[in-house]
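Undergrad: Could you have a look at this structure, given as structure tokens, before my questions?
The values are calculated or read from the model by the stated rules, or taken from the named source; none is laboratory data. The model shown is predicted, which means the values in this text are computed figures rather than measured ones. Glycine gets a Cβ as well: all are built from the backbone with ideal geometry, and neighbour counts include every protein chain shown. Ligands, DNA and RNA are stripped out before the accessible areas are found, and what is left, the full protein with its side chains, is counted by its heavy atoms. Shrake-Rupley method; radii C 1.70, N 1.55, O 1.52, S 1.80 Å.
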Amino acid sequence: MVTLEPLRADHADALLAFERENRAYFARTVPDRGDAFFTAEGFAARLRALLDEQHARVCRFHVVLGEDGELIGRVNLMDLVDGSAELGYRIGEQAAGRGVATAAVAQVCRLAVTDYGLTSLTAETTLDNPASMRVLARSGFTRVENTTVSGRPGVRFERRLLDATPDRP
């Protein structure tokens, strides 16, 4: 259904097009990244910074590709420290509601264990993003506390990965 690939420099054009195409859609539930992010120069600088973080093994960034190889989302593991990381993801509007986020999260959870040696993940979402909360619940995350996400009411989730197996997301 979907394929994850580690973020690479040659994803730049497709990734910028994806972000531009979905800007208004994402802004409904997550803070907008600002106009500078969507310029060719601003995006190139941000992509270089992400690739530097990935090279330093501080973060692991992935693009989500659909069946035809088109870029339809992102799923990331950020701030890898002491066997833990924070999960973040965004799926484009055209692919929303088709199980793409759940499939991508399942794949990144497996990678977190098998390739990155992680034992737990956290995730946060705003309370006005019920689709994201459903993805996290279906993916074995447990709601642990209320929080604030970019000034908005939110919730924090956790998942222990010691039980991650190929047949469980």
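Undergrad: Please say if the chain is rounded, prolate or oblate, where rounded means a/c under 1.5 for a ≥ b ≥ c the square roots of the C-alpha gyration tensor eigenvalues, and otherwise the choice is prolate for a/b larger than b/c and oblate otherwise?
TA: rounded
Undergrad: Here is a follow-up. Only four residue types carry charge here, +1 at the Cβ of Lys and Arg and -1 at the Cβ of Asp and Glu. Report the dipole size of region 77-132 about the Cα centre in Debye, rounded to the nearest 20.
TA: It comes to approximately 280 debye.
Undergrad: To one decimal place, what Kirkwood hydrodynamic radius in Å is obtained for region 8-104 from all pairs of distinct Cα atoms?
TA: Its Kirkwood hydrodynamic radius stands at 14.1 Å.
Undergrad: Carbon and sulfur: what percent of region 8-71's accessible surface (1.4 Å probe)?
TA: C and S atoms contribute 52 percent here.
Undergrad: Now for a separate question. On a full-extension model of 0.36 nm per residue, what is the gain between residue 150 and residue 12, subtracting their alpha-carbon distance, rounded to one decimal in nm?
TA: So the extension gain works out to 47.1 nm.
Undergrad: Quickly work out the residue 25-to-residue 120 label distance, labels modelled 7 Å from Cα along the C-beta direction, and quote it in nm with one decimal.
TA: Reported label-point gap for residue 120 and residue 25 is 3.4 nm.
Undergrad: For the chain, what does the helix formula give at 222 nm: sum of -39500 (n - 2.57) over DSSP H segments with n ≥ 4, over the residue count, nearest 500 deg cm²/dmol?
TA: -10000 deg cm²/dmol
Undergrad: Right, here's the next one. Residue 35 to residue 96: FRET efficiency via 1/(1 + (r/R0)^6), r the Cβ-Cβ distance, R0 30 Å, to the nearest 0.05?
TA: Between residue 35 and residue 96 the formula returns 0.80.
Undergrad: State in Å² the accessible area per residue of the chain; use a 1.4 Å probe, count heavy atoms of protein chains only, and round to the nearest integer.
TA: 52 Å²
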